[in-house]
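Inspection log for the structure reproduced underneath, given as structure tokens.
The values are calculated or read from the model by the stated rules, or taken from the named source; none is laboratory data. Quantities reported herein were computed from a predicted structural model and do not represent experimental measurements. Neighbour counts are summed over all protein chains in view; Cβ atoms, including those assigned to glycine, are modelled from backbone coordinates with ideal geometry.
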Amino acid sequence: MIRPRRLEALDSSPEAVRRRTPVRRLWYAAYGSNMHRERLTAYLAGGRPPGGLRTCPGCRDPREPTRTVPLMLPGLLYFATESQVWTGGRAFYDPGPAGTAGAGRPELPCRAYLLTTGQFSDILAQEMYREPGEDLDLTQALTHGRAHIGPGRYETLVCAGTLDGYPVLTCTAPWSSDDVALNAPSAAYLRHIGAGIVAAHDWSVHGTARYLAGCPGAAGHWTAGEIAALLTAPS
């Protein structure tokens, strides 16, 4: 098992925000299908990712991430809405109420990519099926820890902290896991996410399966044994 990096708390004082802005580089914390490098590369360089139904236009800057690290985010993974690509529920991140990180809180395994602000902005545009081309204003997310940049399912930014001096950001839905109807993920989607966790964190298949089986949306619909069988089945 790889030891994941731990976040440093976000300092939202005016002086700290001034030091951080404008942001030129940041960590994108991917927790769903983008944990796979091949899928992220399709967003960066353009093309159709494995399992994808559409071709991504790519980023203005197609270069690979400067660094990649395993990371644990405070909060939980849950499944809701309906994926057009995978069918079944989509993966979302629920960070919980602001200021609730700490001992006893659930954690979500992710893979963090060190990107430019432009690359992060273009990836989020493609997640919402829009053409990339405009940098996001991250000031509110860096100041308050969260920002709504639109009403879409992945248009709420969360700045979970910092790592090596760079802010750690991800995207999720504007609602919490308690405010939306949960929806069980498909077998293909679970297998994809599970394989990403194993690759990024070097978790065992059974440990990964137990984790996913406990996530809201999957819990009660998938057992750890069934998910482990998905992860060990021939491709």
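Selection of the range 143-183 for residues being among the hydroxyl-bearing types (Ser, Thr, Tyr) and either in a strand (DSSP E or B) or crowded, with 19+ Cβ neighbours inside 10 Å (or both) yields TYR154, THR156, THR162, TYR166, THR170, THR172, SER177. For the range 117-142, the candidate set comprises residues that are assigned to a helix (DSSP H, G or I) and charged (D, E, K, R); within that set, the residue that is farthest from SER13 (Cα to Cα) is GLU127. What do you reckon, is GLY47 within 26 Å of SER186 (Cα to Cα) and out of contact with any strand residue (DSSP E or B) (no Cβ under 9 Å at 6 or more places or on another chain)? No: the conditions fail for GLY47. Taking (1) at pLDDT 95 or above; (2) in contact with a Phe, Trp or Tyr (Cβ under 7 Å, 6 or more places away or on another chain) in turn, ARG67 satisfies each apart from (2). Among the residues of the range 15-45 satisfying the criterion of being more than 16 Å from the chain's Cα centre (by Cα), basic (Lys, Arg) and in a helix (DSSP H, G or I), which is surrounded by the fewest Cβ atoms within 10 Å (Cβ to Cβ)? Looking at the filtered set, the residue picked out is ARG18. Might you check whether a residue that is surrounded by fewer than 19 Cβ atoms within 10 Å (Cβ to Cβ) and under 30 Å from PRO234 (Cα atoms) occurs anywhere in the range 113-128? Checked the range 113-128: at least one residue is surrounded by fewer than 19 Cβ atoms within 10 Å (Cβ to Cβ) and under 30 Å from PRO234 (Cα atoms). All conditions in (1) of a type in the set (Gly, Ala, Ser); (2) within 28 Å of GLY145 (Cβ to Cβ); (3) touching a residue at least 40 places away in the same chain (Cβ under 8 Å) hold for SER121, with the sole exception of (3). Could you check, for the range 215-222, whether at least one of its residues is surrounded by 19 or more Cβ atoms within 10 Å (Cβ to Cβ), part of a helix (DSSP H, G or I) and out of contact with any Asp or Glu (no Cβ under 8 Å at 6 or more places or on another chain)? No - not one qualifying residue is present in the range 215-222. Only residues that are modelled with pLDDT of 95 or more, among the aliphatic types (A, V, I, L, M) and more than 25 Å from ARG146 (Cα to Cα) were counted across the range 17-63, and they come to 1. When the test is whether a residue is over 26 Å from HIS144 (Cα atoms) and of a type outside the set (D, E, K, R), LEU114 does not pass it.
Table: residues versus (1) of a type in the set (Lys, Arg); (2) touching a helix residue (DSSP H, G or I) at 6+ places or on another chain (Cβ under 9 Å); (3) in contact (Cβ under 8 Å) with a residue 60 or more places away in the chain.
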{"residue": "SER13", "(1), (2), (3)": "no, no, no"}
{"residue": "ARG20", "(1), (2), (3)": "yes, yes, yes"}
{"residue": "THR41", "(1), (2), (3)": "no, no, no"}
{"residue": "ALA45", "(1), (2), (3)": "no, no, no"}
{"residue": "PRO57", "(1), (2), (3)": "no, yes, yes"}
